[in-house]
1. Let me check against my output: what whole-number percent is the relative contact order of chain B, with C-alpha pairs under 8 Å and at least 6 apart?
2. Pick out which of A:LEU83, A:LEU18, A:LEU113 has the largest mean-square fluctuation in a Gaussian network model of chain A, springs linking Cα atoms closer than 10 Å.
3. Can you pull the mean other chain C-beta count within 10 Å for peptide B:147-156?
4. Starting from 0.36 nm per residue, how many nanometres of slack lie between B:TRP18 and B:THR81 once their C-alpha separation is accounted for?
5. Can you compute the helix-only [θ] at 222 nm over chain B? Use -39500 (n - 2.57) per DSSP H run of at least 4 residues, normalise by all residues, nearest 500 deg cm²/dmol.
6. Output the Kirkwood hydrodynamic radius of region B:173-224, Cα pairs only, in Å rounded to one decimal.
7. Taking only C-alpha pairs under 8 Å that are 6+ residues apart, what is the relative contact order of region B:1-141 in percent?
8. Using only the Cα atoms of region B:194-315, each taken as one equal point scatterer with no solvent, compute I(q) by the Debye sum, divide by I(0), and report log10 of the ratio at q = 0.09, 0.12 Å⁻¹.
Amino acid sequence: MTTHAPRFWRSIPQRYNLKGTHCKRCDEYYFPPRNLCPNCRRGADLEEHTFKGTGTVITCTTIYSATEDFERMTPYHLAIIQLDEGPKVTGQIVSCPDGVKMGMRVRPVFRILGKEGERGIIYYGTKFAPMPKDEEKGPTKDSADCSGIL
Amino acid sequence: MRSVSIIGVGCTKFGERWDVSLRDMVSEAGVMAIEDAEITGEDIDALFVGNMSAGRFVEQEHIGALIADFAGLSRLHLPSTRVEAACASGGLALRQAVLAVASGYNDIVIAAGVEKMTDVSSGSAADALAAAADREWECFFGATFPALYAMMAKLHMRRFGTTHDQMAEVAVKNHHHACLNPIAQYHTEITVEDVDRSPVVADPLHVLDCSPISDGAAVVVLAPTEIAKRFCDTPIRIVGSAQASDTLALHDRRDLTTLDATVHAARKAYAQARITPDQVDVAEVHDCFTIAEILAIEDLGFVEKGEGGKAAEEGLTALGGRLPINTSGGLKACGHPVGATGIKQAYEIALQLRGEAGRRQVEDAEIGLAHNVGGSGGTALVHIFSR
């Protein structure tokens, strides 16, 4: 699919730096950003929040057959990750020679997501990689508890 | 609100129909339904057509006018409306037609569904279908539909001990049912080993866990129940019609192993019909992937949460079992021309309740249910039918 530049350009803050939304009234975090909080359905108390990008793999799959844009990357790992602030996101898991497991701790990495042919735009953004062993610690008291989901 | 009945049905053969176009198929199914109902064009008050993505599949929009035109109705200048809810477009067209008749606004209304998917490559078709997910926050990172359902399957396996063999049993059963259905895309029996040996698409789902890319069209004709007998000896009453929505992206759902949209639509439809799930004799559910049928029979209340895999393994959902599911062959083996699927489900249930389902007839079927899902669960429709 060919995309015109504005469509990619306007989401650079979210795709590069994981900028989302925090509702001060509900103390809920949202990624991608929202103009209305789905909990209180108001927009006045929303502020920007930059997510740390660390989280836990809730579920995952390895894709062997993809759409045309991703066919040359197969096989690749896709997961739903619960970020430590609470919201869940869909993303690729890279640099994981031992495969992806549910419950695995991950951190964000800046990668090429795709490109439109030899002359088109190159898309950059966030993928996720396993947390290095020495930094690996379970979710802290501030982060979401995934034990109920897993 | 008036009671609404189906007075005529028609459905084309599903499959790779390289010899016919979108407009050919919709007029073929339409003529069958109109002849079945014994009505003429002048009797029709309005048309609704479910179609997901003719713009992507055949580069044609404005499907409402197109189907009225090629059904030979252009000189009657009837209102003809296309509706879209991804793979639930057909179910949504049925519901819009039900509302039009129930409200008293229209009497005789056509509900059609059509999709022509094989005019593009399978990669382009997969990309068009991926538009039913969140393009910006799922597909952009490489998500495909099989991958989304694979992630639901992984979590279902972990929580409830569901196995891939149990999922494969769904495909085996639906292929068996399809062998008994003349309009089905596949007339081949398969085994659990065949499913296991087929290539992996998105782990744990193999090719034979997935519904195919298909062409097809289906049409039903609705009328107020009070005049339905004028047209038809065995009108089928629509006693429940409900629709619900949920987050577009799978990752935002409350629970990744439940389609809350299905749960909510089912609850409303059962209340309208004043029945409980155990009173349903036959059901067509949305098995775009084998795991989807397992989730559906749980979310519709036919079995407890987590018991869906076991139900498939024990034959509960096969013809001759306690609750036959997808006697048409389902999306898996009858085929899944996305916009047509919801109407084909109503077609199959109408045949079952009329006693006209031939070798796949469920004996004494009185109450039937159709369940149609859009995307990974952003939309669900549940219709309940009674003889």
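The values are calculated or read from the model by the stated rules, or taken from the named source; none is laboratory data. What you are looking at is a predicted structure, and each value in this text was computed from that prediction instead of being measured. Glycine also receives a Cβ, built like all others from the backbone with ideal geometry; neighbour counts cover every protein chain displayed. Each accessible area value is taken on the protein alone, full model and side chains, heavy atoms only, with ligands, DNA and RNA left out. Shrake-Rupley method; radii C 1.70, N 1.55, O 1.52, S 1.80 Å.
1. Averaging sequence separation for qualifying contacts and normalising by length gives 26 percent for chain B.
2. A:LEU113
3. Numbers: counts 12, 5, 1, 6, 9, 3, 2, 7, 7, 1.
Counting other chains' Cβ atoms within 10 Å and averaging over B:147-156 gives 5.
4. 20.0 nm
5. Numbers: 14 runs with 143 residues, N = 387.
The helix contribution divided over chain B gives -11000 deg cm²/dmol.
6. The answer is 13.2 Å.
7. Values: 214 pairs, mean separation 42.2, N = 141.
In percent, rounded to a whole number, it is 30.
8. -0.36, -0.63
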